[in-house]
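Colleague: Dropping a structure here in structure tokens format, bear with me for questions.
The numbers here are math on the coordinates, done by the rules we state, and not lab data. Note that the structure is predicted; figures quoted are calculated from it, not measured. Glycine gets a Cβ as well: all are built from the backbone with ideal geometry, and neighbour counts include every protein chain shown.
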Amino acid sequence: MVKGRGKRDRAVKRQYEKYPYPPRNPADEKNRLIEGSPSHLDEVNHYLFAGKRDFSGPFRALEAGGGTGDAAIMLAQHLADRGDQSHVLYLDLSAASRVVAEARAEVRGLTNIEFRTASLLDLPDMGLAHFDYIDCCGVLHHLEEPEKGLAALTGSLAEEGGMGLMVYATLGRTGVYPVQKALKALAGEDDPAQQVGLAKALLKDLPKTNWLTKNEMVGDHRLGENAALYDLLLHPRDRSYLVPEVEALLDEAGMELVSYIEPVRYRPEIYLKDKLLIKRAQGLGRSQQAALAENLSGALKTHTFYARKKDGTAAGSATFEPDMIPILKDRNPEVLAKACAAHSTLTVNFDGETMAVPVPAGTAEFIRLIDGRRSLQGIQSELSLPWQTFRSRYAPAYKMLNGLNLLWLKS
């Protein structure tokens with residue numbers, strides 16, 4: 001185990017023992033499964049295994065910093081639905097959070113999760129076999145040295161495996177850090193409950209000129225949940241990243257970006273109308289485009305993304321090829337097809353940011369032919385089109401839907 005962790009580490013542990021995050025009621029597992037990104041299994045398959053992974057066979061996944069269990073429960077349930085050879089290791093330093101996650105798994109009858117109370121920094125000393133997939137969301141940005149944390153994860157990853165990661169994004173959190181500093185000055189080392197009381201009082205007193213007051217994208221402090229308020233404004237250690245910093249963090253760990261989620265938010269042309277500006281934006285490299293999109297948007301609160309080892313053998317994203325089977329995220333083609341047929345643009349909302357996304361010709365027709373079983377070649381045959389004609393007509397629809405994270409591909 002890692003020795004000599006300091007005062008801040010103890011404070012982080014104290015926070016999550018007092019306020020397990022996010023707040024969850026295990027009994028709710030009887031009625032719903034919380035799904036999201038990263039780690040939805042169809043999404044993982046699309047971005048890391050080119051849509052070709054067979055999850056009915058052995059598959060090892062690590063949930064590093066599992067909190068109250070959202071990602072671990074989703075991933076374990078998806079894997080259990082496909083077979084009985086999977087194994088999910090849940091790791092978190094908070095015993096209180098683990099209690100919630102274990103109770104949720106018990107309600108669902110999941111037996112493919114192993115629970116351990118530890119830090120991801122302990123991984124090098126735990127003697128574990130490598131993992132096919134690692135999820136680490138909302139954790140690296142709370143470490144004293146995020147680089148060491150990601151290095152520990154990279155060392156635990158199989159060569160053909162990949163990761164789903166999330167870190168805070170700087171621009172969308174405008175206003176958060178000055179208020180954090182103000183509360184550190186006012187609340188000091190008070191008991192967590194006292195800190196929450198002081199934070200609520202301060203929020204009432206913030207002037208209209210304060211950037212947190214102006215930032216409509218950040219709302220955790222308005223939810224009425226002490227755990228969310230503490231995590232946003234009272235966390236003892238918290239940093240954020242711009243796109244170039246995300247990619248530098250990956251590079252240092254020997255990792256490379258596969259894709260941000262949702263991809264469309266990292267395409268600068270979606271924020272532009274002037275044709276010359278769009279042309280110039282599209283002439284930039286992928287990393288430069290993503291950085292430009294972040295600067296244009298100003299609303300990204302988090303960066304969620306998939307990554308693989310630079311020298312590894314992870315296949316990466318699936319591509320629009322004949323044997324690929326398109327899968328709609330919500331499994332409801334008719335509603336989406338109707339919306340695409342009725343409008344030339346789709347209005348979507350990401351964390352309070354409204355975007356108008358152009359709908360390519362033929363999108364509704366394409367969506368109506370997606371049933372989760374028929375391949376692209378099968379759809380092509382049904383339409384009696386040569387492959388190149390089919391690809392030219394419907395690949396733009398696929399790009400749009402995949403950019404919104406509504407459509408994935410599997411073999």
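Colleague: Once the piece of chain linking Asp81 and Glu382 is laid out straight, how much longer is it, given 0.36 nm per residue of separation minus the C-alpha distance between them?
Modeller: Going from the current span to full extension adds 105.3 nm.
Colleague: Roughly how many debye, to the nearest 20, is the charge dipole of the chain about its Cα centre, given +1 on each Lys and Arg Cβ, -1 on each Asp and Glu Cβ, and no other charges?
Modeller: 920 debye
Colleague: Once phi is turned into ³J(HN,Hα) by the Karplus curve 6.51 cos²θ - 1.76 cosθ + 1.60 with θ = phi - 60°, what whole-Hz value does each residue of segment 245-252 show in order, with x for glycine and proline?
Modeller: Rounded to whole hertz, the list is 6, 4, 6, 5, 4, 4, 4, 4.
Colleague: Further question on the same structure: Per-residue HN-Hα couplings for segment 280-292, Karplus 6.51 cos²θ - 1.76 cosθ + 1.60 at θ = phi - 60°, whole Hz, x for Gly and Pro?
Modeller: Using θ = phi - 60°, the values come out as 5, 5, 6, x, 7, x, 4, 5, 5, 4, 5, 5, 5 Hz.
Colleague: Taking just the C-alpha trace of segment 181-233, give me its Rg and Dmax in Å.
Modeller: So, for segment 181-233, Rg and Dmax equal 10.8, 29 Å respectively.
Colleague: Then there is this: How far apart, in nanometres, would the label points at Leu242 and Asn210 be if each is projected 7 angstrom from Cα along the Cα-to-Cβ direction?
Modeller: Computed distance between label sites Leu242 and Asn210 equals 2.6 nm.
Colleague: In addition: What nm distance separates the two modelled labels at Ser56 and Leu186, each placed 7 Å from Cα along Cα→Cβ?
Modeller: Rounded to a tenth, the inter-label distance reads 5.9 nm.
Colleague: Of Lys30/Lys410; Lys181/Lys301; Lys208/Lys273, which sit over 22 Å apart, Cα to Cα? Mind showing how you got there, number by number?
Modeller: Details: Lys30/Lys410 29 Å; Lys181/Lys301 19 Å; Lys208/Lys273 32 Å.
Exceeds cut-off: Lys30/Lys410; Lys208/Lys273.
Colleague: How high is the FRET efficiency from Ala96 to Glu145, r the C-beta distance, R0 25 Å, rounded to 0.05?
Modeller: Working from the Cβ atoms, E equals 0.50.
Colleague: Spelling out what I want: for every residue of segment 188-194, take phi, set θ = phi - 60°, compute 6.51 cos²θ - 1.76 cosθ + 1.60 (Karplus), and round to whole Hz; glycine and proline get x.
Modeller: Per residue, the Karplus-derived 3J(HN,Hα) values read x, 9, 4, 4, x, 5, 5 Hz.
Colleague: Suppose we flag GluC sites (Glu not before Pro) only when DSSP calls them loop and at most 11 other Cβ atoms lie within 10 Å. Which is the longest uninterrupted stretch of the chain?
Modeller: Working: sites that count: Glu189, Glu216.
Between exposed loop sites, the widest span is 217-411.
Colleague: Each label point is 7 Å from the Cα along the Cα-to-Cβ direction; what then is the distance between the points at Ala118 and Arg32, in nm?
Modeller: Output for this residue pair reads 3.4 nm.
Colleague: Report, in deg cm²/dmol and to the nearest 500, the calculated mean residue ellipticity at 222 nm for the chain, where each DSSP H run with n ≥ 4 adds -39500 (n - 2.57) and the sum is divided by the residue count.
Modeller: -12000 deg cm²/dmol
Colleague: Additional query: May I ask you to compute the full-extension gain from His130 to Asn332, defined as 0.36 nm times their residue separation minus their alpha-carbon distance, rounded to one decimal in nm?
Modeller: Working: separation 202, 0.36 × 202 = 72.72 nm, distance 3.65 nm.
My answer for the length gained is 69.1 nm.
Colleague: Calculate how large, on average over all directions, the projected area of the Cα convex hull of segment 325-410 is; give the answer in nm² to one decimal.
Modeller: Result: 5.4 nm².
Colleague: Right, another one. Residue separation times 0.36 nm, minus the C-alpha to C-alpha distance between Arg222 and Lys7: what's the value?
Modeller: Here the answer is 74.5 nm.
Colleague: Right, here's the next one. Please report the projected area of the chain's Cα convex hull averaged over all directions, in nm².
Modeller: Values: hull surface 84.4 nm².
It is 21.1 nm².
Colleague: Another question, if that's okay. Dividing the alpha-carbon Rg of segment 58-150 by 2.2 N^0.38 Å yields what?
Modeller: This ratio for segment 58-150 stands at 1.03.
Colleague: Lys/Arg Cβ at +1, Asp/Glu Cβ at -1, dipole of the chain taken about the Cα centre: which of Ile270, Ala193, Val243 is farthest positive-ward?
Modeller: Positive-end residue among those listed: Ile270.
Colleague: Under 16 Å between alpha carbons, and skipping anything fewer than 8 positions from Lys18 in its own chain: which aspartates and glutamates qualify?
Modeller: Asp9, Asp92, Glu189, Asp190, Asp191, Glu225, Asp231
Colleague: FRET efficiency for Ser344 and Glu17, Cβ-Cβ distance as r, R0 = 41 Å, nearest 0.05?
Modeller: 0.20
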